[in-house]
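A short write-up of the structure that comes next.
The values are calculated or read from the model by the stated rules, or taken from the named source; none is laboratory data. The model shown is predicted, which means the values in this text are computed figures rather than measured ones. Counting neighbours? That spans all protein chains shown, and the Cβs are built from the backbone with ideal geometry, glycine included.
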Amino acid sequence: MGAFDKVYDSWKAEPEKFWLDQAKAIDWDVAPTRAFDPDQGVYGRWFPDAMGNTCYNCVDRHVENGRGDDVAIIHESAITETRATLTFAELQRETEKLAGVLLDRGVKAGDRVIIYMPMVMEAAVAMLACARIGAVHSVVFGGFAAAELATRIDDCRPDIILSASCGLEPGRVVAYKPLLDSALEIADHKITKTLILQRSQQICDLADDRDEDWAEAIAAQADRQVPCTSMAATDPLYILYTSGTTGQPKGVIRDTGGHMVALHWTMKNIYGVEPGETYWAASDVGWVVGHSYIVYAPLLAGNTTIVFEGKPVGTPDAATFWRVMARHEVAVFFTAPTAFRAVRAQDPDGALVKDHNLSNLRTVFLAGERADPDTIHWIEHVTGKPVIDHWWQTETGWTIAGNPTGIEMLDVKYGSPARAMPGYDVQVLDDAGAPVAAGTLGNVAVKLPLPPGALPTLWNADARFRSAYLEEFPGYYQTSDAGMVDEDGYLFIMARTDDIINVAGHRLSTGGMEEAVAEHPDVAECAVIGVADEMKGQVPLGFVILNAGADERLDTIEAEVVAHVRNKIGPVAALKTVVPVKRLPKTRSGKILRATMVKVAQKEDVAIPATIDDPAILDEIREALAVRKI
Ligand code: COA
Ligand code: AMP
């Protein structure tokens, strides 16, 4: 039996003992005496009697253990070509000052704070400052527009919003403040306080009665000391909104105790890093990868983490990844496959790798979308390092299936994120909920309870949590991914079973985009689907039925629809093409056959669905796509 099998079996035999053992790596105010209470919450709660603080475990305890002078965070901007560092001791001071600012403005444990910021050091400090005082942060990705921000404001009802004057995208400055102002106008929940970080690239106006200058507020806290508030392990640490099947995003809750225990376990066992080494997740704090692997996990484990502002290409070139890895002696690197596809498109032979010393790099990890074998082979070839795919979701916060390199490097099967991790009993079910045989495609589900760190429920929405995740297969969490497990226990994740698409590693709702498209006055009906794209994995493609008489304005309408989706959801929505059609293929009961449309658009063989109202519509769709040369 291999080393990993032993660990997995030890979890399966005694799950509570397994997690209580892992909990010893955390410094608690009140240590847990039991791991799990099945009677609390929707499906049970982890560490029901423990108390502690996440910021203490990420920051203060390393200072107390003599590591105050070690670097905690490196900020590296490939756009401004600047870098800065904070040691653990400096990070402690900075979180205390910002926590003091929040406390003075009336924020207390349990209150919500929205963080709408670009990839600056202060974004990470803001998350930790909230954690320090037990405030619940909700980071909103900078690529989302005002209406998306407003939806989140109304859902989590924050006391204060922390933001910045601008973000920096290659070749353009993104003014955040007008987006924030407009979100505050749209939202029903009224905000009276904001704190704005002025960036020199674009200073913004501050409203006298509402907006405060970040630097001034911090300067007034020079000697402020703010102890870490002791929180129940079951208290929420943060809310992170993720796409659901409608325009109303789901507020995934992360708790305090289970999150610390699970994330800490992953650093050594999955990523194979030791405290003090540099770990770099090239993502954004607006996504779950940023929460778990830019901020919390590396700091919990005492690693140096990198907050990176830039893109894999164009800032300034396709060598950025290699340059930053060499400069900071990165031991483990983590990004989405799409980022490497972008690098490969510009440097197909990996010529730029050779100019950089990657001797510290041990492993490259990929997640966020399916890792296509071709991209994995390419990274292996140009770096000479192992490339590990791992599969997880915003909801779980850490790996469901992966290759536990710190326990045992399992054989790689290309196209598979390898095996279920301890905590996850992954099963593939047919539509009736019965387990299927090895090698058979079905619905990928996780037997309840979910492990520590995974969501206990959705913010203020237990009923939605149950209906979205728990009801279809009683006793299981439904991942909404389709896939199979082979005879060796390797999982293969093939596609989403819902209307979520994955564009450049960003998770987006086609339902949300349809809501925006349908708002155009000339659109009678619409459908948005995700079609395969060589670089981004998928891109959205819209189909519209126009109101009578609107045909002659087609070009303008397309531009208006594209602009409206961008303005409403944000530039990341990336809907660029809208195809006019006369009818949409539907079932006899009126459900749009989106999966069939995807096959048509991807020019795959289409089995005519038995329930289709009129198969001739598929030919009309083919013709409409051909007219647009798609
Ligand atoms: N603030 C404002 N705008 C943003 C933004 C942000 N934080 N992030 C992205 N955008 C904008 C981009 O500027 C772009 O605008 P444009 O249409 O005017 O060019 C648009 O949103 C789409 O961005 P993106 O999907 O990132 O495409 P891209 O062509 O700019 O870059 C990649 C493509 C592959 C290089 C890039 O998506 C990437 O690095 N992906 C990695 C994904 C990742 O880290 N995912 C997290 C999970 S690990
Ligand atoms: P997110 O919540 O943004 O992390 O997106 C989660 C979804 O992305 C999953 O449900 C999958 O559909 C997809 N995904 C993430 N990682 C992988 C992976 N390694 N392989 C296949 N799909 C993945």
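So if I check each of T335, T305, T375, which one is within 21 Å of G402 (Cβ to Cβ), away from ligand 2 (no atom under 16 Å from the Cβ) and among the polar types (S, T, N, Q)?
T305
Being in a strand (DSSP E or B) and within 16 Å of A50 (Cα to Cα) is the filter; apply it to region 253-281 and report the residue that is farthest from ligand 1 (Cβ to nearest atom).
Step one: of region 253-281, the residues in a strand (DSSP E or B) are 253-255, 278-281.
The next check asks that each one be within 16 Å of A50 (Cα to Cα); those that pass are 254-255.
Working: R254: 17, D255: 22 Å.
Among those that are in a strand (DSSP E or B) and within 16 Å of A50 (Cα to Cα), it is D255.
Restricting attention to region 126-162, which residues are closer than 23 Å to A563 by Cβ and assigned to a loop (DSSP other than H, G, I, E, B)?
Answer for region 126-162, where residues must be closer than 23 Å to A563 by Cβ and assigned to a loop (DSSP other than H, G, I, E, B): V140, F141, G142, G143, F144, A145.
Condition test on P312, is it within 27 Å of E169 (Cβ to Cβ), away from ligand 1 (no atom under 14 Å from the Cβ) and without any contact (Cβ under 8 Å) to a residue 60 or more places away in the chain?
So P312 does not fit the description; no.
What's the number of the only condition in (1) surrounded by fewer than 22 Cβ atoms within 10 Å (Cβ to Cβ); (2) over 13 Å from W398 (Cα atoms) that N269 fails to meet?
Among (1) surrounded by fewer than 22 Cβ atoms within 10 Å (Cβ to Cβ); (2) over 13 Å from W398 (Cα atoms), the lone unmet condition for N269 is (2).
List, please: which pairs have Cβ atoms under 7 Å, are six or more places apart or on different chains, and start with a residue in region 608-630 that is touching a residue at least 12 places away in the same chain (Cβ under 8 Å) and over 16 Å from I545 (Cβ atoms) and end with one that is assigned to a helix (DSSP H, G or I) and β-branched (V, I, T)?
Short answer, once both residue conditions are applied: P609/T596; R622/V600.
List the residue pairs whose Cβ atoms are under 7 Å apart, where the first residue sits in region 13-24 and is farther than 12 Å from G257 by Cα and touching a residue at least 12 places away in the same chain (Cβ under 8 Å), the second is assigned to a helix (DSSP H, G or I) and aromatic (F, W, Y), and the two are 6 or more positions apart or on different chains.
Listed by first residue and then by second, the contacts come to F18/W11.
Given the residues A50, A3, A31, A78, which is the only one that is small (G, A, S), more than 27 Å from the chain's Cα centre (by Cα) and more than 21 Å from L299 (Cβ to Cβ)?
Values: A50 fails: more than 21 Å from L299 (Cβ to Cβ); A31 fails: more than 21 Å from L299 (Cβ to Cβ); A78 fails: more than 27 Å from the chain's Cα centre (by Cα).
Answer to the selection: A3.
When residues of region 320-329 are filtered for being crowded, with 22+ Cβ neighbours inside 10 Å and outside any helix (DSSP H, G or I), how many remain?
Of the residues in region 320-329, 0 are crowded, with 22+ Cβ neighbours inside 10 Å and outside any helix (DSSP H, G or I).
Looking at the structure I just gave you, is P540 without any contact (Cβ under 8 Å) to a residue 60 or more places away in the chain and crowded, with 21+ Cβ neighbours inside 10 Å? Step through it out loud before you land on a result.
Details: without any contact (Cβ under 8 Å) to a residue 60 or more places away in the chain: yes; crowded, with 21+ Cβ neighbours inside 10 Å: yes.
Against the criterion (without any contact (Cβ under 8 Å) to a residue 60 or more places away in the chain and crowded, with 21+ Cβ neighbours inside 10 Å), P540 qualifies.
Would you tally the residues in region 482-506 being within 16 Å of ligand 1 (Cβ to nearest atom) and either in contact with a Phe, Trp or Tyr (Cβ under 9 Å, 6 or more places away or on another chain) or without any contact (Cβ under 8 Å) to a residue 24 or more places away in the chain (or both)?
Selection size over region 482-506: 4.
Condition check: more than 29 Å from V140 (Cα to Cα), at pLDDT 90 or above and either acidic (D, E) or in contact with a Ser or Thr (Cβ under 8 Å, 6 or more places away or on another chain) (or both). Does R553 satisfy that?
no
Tell me the residue from R553, R583, R507, R588 that is within 16 Å of ligand 2 (Cβ to nearest atom) and surrounded by fewer than 21 Cβ atoms within 10 Å (Cβ to Cβ), please.
After ruling out the rest, the residue left standing is R507.
Modelled with pLDDT under 95, within 16 Å of ligand 2 (Cβ to nearest atom) and of a type outside the set (G, A, S): does that describe V572?
yes
So, in region 341-371, exactly how many residues are more than 9 Å from ligand 1 (Cβ to nearest atom), within 30 Å of S243 (Cβ to Cβ) and surrounded by 18 or more Cβ atoms within 10 Å (Cβ to Cβ)?
Total satisfying the criteria: 6.
Find the strands (runs of 3 or more DSSP E) located wholly in region 348-455 whose residues include 2 or more that are more than 30 Å from V313 (Cα to Cα), and list them.
The strands (runs of 3 or more DSSP E) meeting that bar are 426-429, 442-447.
Look through region 313-331, keep the residues that are of a type outside the set (S, T, Y) and in contact with a Pro (Cβ under 9 Å, 6 or more places away or on another chain), and return whichever of them is farthest from ligand 2 (Cβ to nearest atom).
Here the residue is P316.
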